[in-house]
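Any read-out appearing in this document is the output of simple, stated calculations on the displayed coordinates, not a laboratory observation. Just so you know, these numbers come straight off a predicted model, no measurement behind them. Quick reminder, even Gly has a Cβ in these numbers, built from the backbone with ideal geometry, and neighbours come from all protein chains shown.
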Amino acid sequence: MEILIGLPESGGRLATEAEVLDTPALVSASAFWNGERFVLPGARIVTVAGRKVREGSRLDGLDVALDSAGYTAMVNPAWGGKYPWTIAQYLELALWLRPRWYSAMDFCVEPQVAADRAEVERRVYETAANLLRTFGLVNQWRMEILGQIIEAGSDPHAAVQTSLDMCRDPMPILQGWRTDDYRRSIALTGEALSIAARPWPSLVGIGSVCRRELSGPAGVYAVLNAVDQLLPPHVRLHLFGVKGNGMAELAACPRVASVDSCAWDDGLRHDLQQQRRALSRAEGIDIREASKRIPSSEEKRATAMRAWLEGQQRRAGAPPTGQVSLFWRPPG
């Protein structure tokens, strides 16, 4: 099982540290959004097969995956509970960034976003519908790229492969809150794949797990058990923002290919705030002055990221406790 470290920024010291650690990373689409369009710092624009592509960025040299930032978009008051970018803009970002994979633009269902069952069910449906819309745009772009390459005199067979490589499909996301929601999401995703003439891919994401308990009837383990029973044997899973104390169990599950988390950054902010409050009380100064005396820094964040990753790798390598051993059977 791979652990992708969450990067809250589009480059800089943290990206350099991830590269030094030789670890894959997950970066959010929101890190590139300037309010009107996506921007890749340090990139230059070139034309490939008639389409403008940005080459070179602060993430060059890093094995990076791209998240659509669905939860961030839905809870950001300035964005009105919806994505501020279009599918086309997001696809263009994926084309520029060339990540190992990019997640489809899904619709999360955490209680902070979906207030009732009707809204949960609507968002599960919209996640599959949006996947189908994305496939349609991918097909259109592939045909445009293919036409440009053939018109330039290239071999048609090579041109087909180039168009496929340049404009790849997104990683589908399964959404839900209860286990039955995920079962329905699998059925709807299967319909979208069938309509788009796609097979089930080798990797699928599980959404709405980062704020969920591991155990219980709607816990992460129960969700994984439900989807394991329905997905084709070759399909493996990426879990977004899973809790660290479940690493040993998840690492022992053949279905789980990878997980990610930005908990290291949240943990550092919490620790710094605790230190500032303690200083404020001890010296009778306000919190703003304490913040000046105990500032955050890129170096502190890089150190926290390294320590977190090493801790999670140790957890993933530990023997599982057996909490999910009854669920899992090797695919195939």
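Structure above, values below:
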read-out	value
Nonlocal amide H pairs with D169, under 5 Å, H built at 1.01 Å	none
Cα-centre dipole for the chain with unit charges at Cβ (Lys and Arg positive, Asp and Glu negative), debye to 20	400 debye
The stretch 2-261: antiparallel DSSP beta bridges as a percent of all, rounded to 5	20 percent
Ellipticity estimate at 222 nm from DSSP helix runs (n ≥ 4, -39,500 (n - 2.57)) divided over the chain, nearest 500	-14500 deg cm²/dmol
Between the stretch 60-96 and the stretch 274-306, the alpha-carbon center distance in angstrom	31 Å
In Hz, Karplus ³J(HN,Hα) per residue of the stretch 296-308 (6.51, -1.76, 1.60; θ = phi - 60°; x = Gly, Pro)	7, 7, 4, 5, 4, 5, 5, 5, 5, 5, 4, 4, 4
Linear extension gain, S194 paired with A78, 0.36 nm per residue minus alpha-carbon span	38.1 nm
³J(HN,Hα) computed for each position of the stretch 93-99 - Karplus, 6.51 cos²θ - 1.76 cosθ + 1.60, integer Hz, glycine/proline x	4, 5, 5, 5, 6, 6, x
Cβ-Cβ FRET estimate between A129 and R168, R0 fixed at 35 Å, reported to 0.05	0.95
Listed peptides 253-261, 133-141 by packing density, highest first (mean Cβ within 10 Å)	253-261, 133-141
Computed lengthening from I287 to A88, 0.36 nm per intervening residue step minus Cα-Cα distance	67.2 nm
Residues E119 and S202, FRET efficiency given R0 of 35 Å [Cβ-Cβ distance, rounded to 0.05]	0.65
Amide H contacts of V242 (H built 1.01 Å from N, under 5 Å, at least 5 apart or other chain)	D260
Derived scalar couplings ³J(HN,Hα) [the stretch 137-150; Karplus, 6.51 cos²θ - 1.76 cosθ + 1.60; whole Hz; x for Gly, Pro]	5, 4, 4, 4, 5, 4, 5, 5, 5, 4, x, 5, 5, 5
Contour minus Cα-Cα distance for Q112 and D63 (0.36 nm per residue)	14.5 nm
